[in-house]
């Protein structure tokens, strides 16, 4: 199967179709196997996903599925592009966290915690200093709002990271 020209949107459509349709699963499995043999296509998709996640966040749509693929295929990003990857991911995570200001936070573990944790974990794995900078930026956002409930989300995300997510 040739996946050289598959777009991020087409890939996500395949993910969604296979999740709800047992007939689509073998097709998606073949696509995934072909992509696993094509790191350059994975890298291209990672950058498409980074752009897609930014668009989702502008529309206040949860980009968790996209973030999962951004992180899963980060090892396909060539060294020359890793700085760009981390910079784009950092912007997405900061915006993701900002969007939590508008999300209903009614206690308990927020559904966006896991995507935040894996995104932060990926930044940490690539650049520990940048990770600390991102976390500090997120904490600064929380200082702007008295008793900001996002502090709990950030604390939970950091706990998930310490326990091994993103490694």
Problem - Among (1) farther than 28 Å from residue 10 by Cβ; (2) more than 13 Å from the chain's Cα centre (by Cα) - the single one residue 78 does not satisfy - result: (1)
Problem - Residue count for region 153-167, restricted to those that are surrounded by 14 or more Cβ atoms within 10 Å (Cβ to Cβ) and on the phi < 0 side of the Ramachandran plot - result: 8
Problem - Test: residue 53 is part of a helix (DSSP H, G or I) and more than 10 Å from the chain's Cα centre (by Cα) - result: no
Problem - Counted residues, region 65-74 - those being surrounded by fewer than 18 Cβ atoms within 10 Å (Cβ to Cβ) and in contact (Cβ under 8 Å) with a residue 24 or more places away in the chain - result: 2
Exercise for the section: Looking for whichever is assigned to a helix (DSSP H, G or I) and surrounded by fewer than 13 Cβ atoms within 10 Å (Cβ to Cβ) here; the options are 40, 44. Which one fits? Expected result: 40
Fill in the blank from the handout: Flagged in region 122-152 as surrounded by 16 or more Cβ atoms within 10 Å (Cβ to Cβ), touching a helix residue (DSSP H, G or I) at 6+ places or on another chain (Cβ under 7 Å) and over 27 Å from residue 75 (Cα atoms), in numbering order, are 141, 142, 148, 150
Practice task
Evaluate region 80-98: report whether one residue or more is modelled with pLDDT of 90 or more, closer than 24 Å to residue 32 by Cα and loosely packed, with under 15 Cβ neighbours inside 10 Å.
Solution key: yes
Practice task
Can you work out which of the residues in region 99-112 that are part of a loop (DSSP other than H, G, I, E, B) and modelled with pLDDT of 65 or more is nearest to residue 161 (Cα to Cα)?
Solution key: 112
Problem - Residue check, residue 12 in the same structural domain as residue 154 (by TED's automatic domain parsing) and either part of a helix (DSSP H, G or I) or loosely packed, with under 15 Cβ neighbours inside 10 Å (or both) - result: no
Problem - Residues of region 12-41 classified as without any contact (Cβ under 8 Å) to a residue 12 or more places away in the chain, within 21 Å of residue 63 (Cβ to Cβ) and over 20 Å from the mean Cα position of the chain (by Cα), total - result: 3
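The values are calculated or read from the model by the stated rules, or taken from the named source; none is laboratory data. Only a predicted model underlies this, so the values are computations on that prediction, with no experimental measurement involved. Note: ideal-geometry Cβ built from the backbone for every residue, glycine included; neighbour counts use all protein chains shown.
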